[in-house]
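Only one structure is covered here, and it is reproduced in the block below.
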Amino acid sequence: MTLNKSKDNLDLNVDDEIYSCLNLENPKSFFLFAGAGSGKTRSLVEVLRRLKIDKGAHLRMHKQQVAIITYTNAASDEIKHRLGFDSLFKVSTIHSFIWELIEPFTVDIKEWLVQDIQAAITELELKQIGGHANSAAAIKRTRDIISKRERLEKLDEVIKFTYSPNGNNRGKDSLNHTDVLKIGASFISTKPLMQQILIKKYPFLLIDESQDTNKNLITSFFEVQVNHKKSFAIGLFGDMMQRIFPGGKEKLGEDLNEDWVKPEKKMNFRCPKRVVKLINKIRLDVDGKEQKTLESQIEGFVRLFIADVNTTDKQAFEIEVCKKMKTITQDENWSETNKIVKTLTLEHLMAAKRMGFDSLFLPLCRVESYKTGLLDGSLQGIAFFTNRILPLIKAMKIKDELEVSRIIAQYSPLLDKKELKTKKNQFAILKQANDGINELDKLWEDGKIPALSLILDSVYTSKLFSIPDILLKAIGIVSNEKNEEIETDEEEDEEKETAKLSAWKEVLKSPFTQIEKYFEYISDSSPYGTHQGIKGLEFDRVMVILDDEEAGGNQFSYEKLFGAKEFSDNDNNNIKDGKDSTPERTKRLFYVTCSRAKKSLAIVAYTSNPEKVKETVLSEGWFENGEVEIS
């Protein structure tokens, strides 16, 4: 549907409706439906700017802030930037926000952990009684019971708990991400003091991407709202069709009290008309919500390319798709997979294979405790290469001696100021550092690409940088020196340590180019992203890769969505009982990926039944016959 440009059509009246809720004398909670490309962030920022002008002085005088909770650090940074980094607004992710609330309450946290761990031990012991004594599950339960008992004992030693929203959080005094959310929800629900702290500091709590926010926390915030309606209001921004992560509250917005305001943004300013038509069709039988476009928006292009799942060279096929899209759209930037075309894969490993850093990525992603650090670049063993070696090599390649000197001065223990003061012959130390740089540089002579293990050997010999202990172990060296980058965990059992060591040994066989490609990927400067990771982003040209077999997961199934596979009994029962199911999750994910496109959209579906997929998408009305091609 298209409309002429007008004040109503631009949803500006919605901004007024939201702003009226942020009334200090009569606050009202609201749930804003904001579909894909509706300008949700723009509305949020504009309303907050108005609030700053009208109520900012009053809030500052009472030492109050407006809390804005976002789903990702990137979203948090974007909103902070748009608001001019004003201290009136507390913009943070949910984990950071909750940690700041509970951090001072060490005694309460300790009491909560004692009860939680004891309950977990009791549950495991009951399962042991009814299980087979020597089964793998029983052996694991035994290890878990021992580990939890040891943690209970160590709680007495904790003086203050630590937590990093972006770290691995290991050690006896640290809390993990799940702990923080559970403790936060419990405290907010059950402790009147915590509720008072929350509402006194933050009279307004605005939650972006509320459909994916932890359901227990959402429920606890609702309890605060019910108890303190006259002095506290919640603003939920979201779209249930874009709920793709587990843990969110189901049917959010359907069971709100009558005092909640429910404004809607009905426009889609991002996508071309053809894409809006597609995503409206995708969600038609979910909630029937339909977005509109302006007459001035371009028509755009949508195409579905279907290939057999056993296609030998998928990358070659995807390049061929880009060439076809170039012809269809008359857009030169579709010439091949590149940074101007955003390619969305189901799993990070799919991107790793296509970019060529899978022998580095695969061993590490198999280690559960490494996943967070691997995906945000903070994993110490990898960070050694990306933060030390990679910038040094780049500087050496372009002969930037100033940058080389800066890196060595900042990171090399040879040039540590305290150490240098103790050395009589400082010239010899400088020569040692220079020799180390030259020896490292030789590994790239004559166009060679060294393995990561060879780089480690060179650095260890020259002592150019301190090497994380796990990497030293992987090349057969046990360090007795104090190393601030040691990756250890007092509670780690021998089996897990062995698995980690094996993973690193595999990784160190990889050529250095894999570090370069990995860093490009995690820095968001590559042409690849995941279906889930790009929510909230937009790109001119989007290629969505659908390949259940390569993804290897069980949360989503495009084969089921497109009719190539039958629904399981569990799927049918969940749908019948009103519970979330694999086909419904997949449909929502498909909606999210398609709605990223600003100009043109290509969907590549690898399937075991190409004809059935074509039949399904045509019967659903998602695509027209001329928009679907089977190879």
Taking the stated definitions as given, is ALA597 in contact (Cβ under 8 Å) with a residue 24 or more places away in the chain, open to solvent by less than 10 Å² (accessible area, probe 1.4 Å) and small (Gly, Ala, Ser)? yes
Is segment 41-62 home to any residue that is within 28 Å of LEU375 (Cα to Cα), in a helix (DSSP H, G or I) and of a type outside the set (S, T, N, Q)? no
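Yes/no per residue for (1) closer than 19 Å to ALA605 by Cα; (2) open to solvent by less than 30 Å² (accessible area, probe 1.4 Å); (3) out of contact with any strand residue (DSSP E or B) (no Cβ under 6 Å at 6 or more places or on another chain); (4) at pLDDT below 95:
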| residue | (1), (2), (3), (4) |
| --- | --- |
| ALA307 | yes, yes, no, no |
| THR311 | yes, no, yes, yes |
| GLN315 | yes, no, yes, yes |
| MET325 | yes, yes, no, no |
| GLN330 | no, no, yes, no |
| ASN338 | no, no, yes, yes |
| ALA351 | yes, yes, no, yes |
| ARG354 | yes, yes, yes, yes |
I'm trying to understand the selection: among the residues of segment 243-252, which are surrounded by fewer than 18 Cβ atoms within 10 Å (Cβ to Cβ) and either in contact with a Lys or Arg (Cβ under 8 Å, 6 or more places away or on another chain) or touching a residue at least 60 places away in the same chain (Cβ under 8 Å) (or both)? PHE245, PRO246, GLY247, GLU250
Does VAL542 qualify as being under 21 Å from HIS348 (Cβ atoms) and either touching a residue at least 12 places away in the same chain (Cβ under 8 Å) or open to solvent by less than 50 Å² (accessible area, probe 1.4 Å) (or both)? yes
I'm told ARG270 meets every condition in (1) more than 18 Å from ALA75 (Cβ to Cβ); (2) modelled with pLDDT of 95 or more; (3) part of a loop (DSSP other than H, G, I, E, B); (4) not aromatic (Phe, Trp, Tyr) except one. Can you identify the failing condition by its number? (1)
Got at least one residue in segment 51-66 being basic (Lys, Arg) and crowded, with 16+ Cβ neighbours inside 10 Å? yes
Selection within segment 74-103 - open to solvent by 60 Å² or more (accessible area, probe 1.4 Å) and either part of a loop (DSSP other than H, G, I, E, B) or in contact with a strand residue (DSSP E or B) (Cβ under 6 Å, 6 or more places away or on another chain) (or both): LYS80, PHE85, SER87, GLU103
Given the conditions (1) part of a loop (DSSP other than H, G, I, E, B); (2) under 30 Å from GLU497 (Cα atoms); (3) out of contact with any Ser or Thr (no Cβ under 9 Å at 6 or more places or on another chain), which single one is not true for SER378? (3)
Of the residues that sit in segment 555-571 and are farther than 18 Å from VAL544 by Cβ and free of Cβ contacts under 8 Å to residues at least 40 places away in the same chain, which one is least open to solvent (accessible area, probe 1.4 Å)? ASP571
Within segment 373-381, identify whether any single residue is within 32 Å of the chain's Cα centre (by Cα), open to solvent by 60 Å² or more (accessible area, probe 1.4 Å) and aliphatic (A, V, I, L, M), and answer yes or no. yes
Are any of the residues in segment 136-151 part of a loop (DSSP other than H, G, I, E, B), in contact with an Asp or Glu (Cβ under 8 Å, 6 or more places away or on another chain) and more than 23 Å from PHE221 (Cβ to Cβ)? no
Among (1) without any contact (Cβ under 8 Å) to a residue 40 or more places away in the chain; (2) surrounded by fewer than 16 Cβ atoms within 10 Å (Cβ to Cβ); (3) not aromatic (Phe, Trp, Tyr), which single condition is THR106 missing? (1)
When you check GLN432 against the structure, is it over 28 Å from HIS531 (Cα atoms) and either modelled with pLDDT under 90 or crowded, with 21+ Cβ neighbours inside 10 Å (or both), yes or no? yes
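The values are calculated or read from the model by the stated rules, or taken from the named source; none is laboratory data. Note that this is a predicted model, so its numbers are computed, not measured. Because the Cβ atoms are built from the backbone with ideal geometry, glycine has one as well, and the counts that use them run over all protein chains shown. Accessible surface is based on the protein model in full, side chains and every heavy atom, while ligands, DNA and RNA are left aside. Shrake-Rupley method; radii C 1.70, N 1.55, O 1.52, S 1.80 Å.
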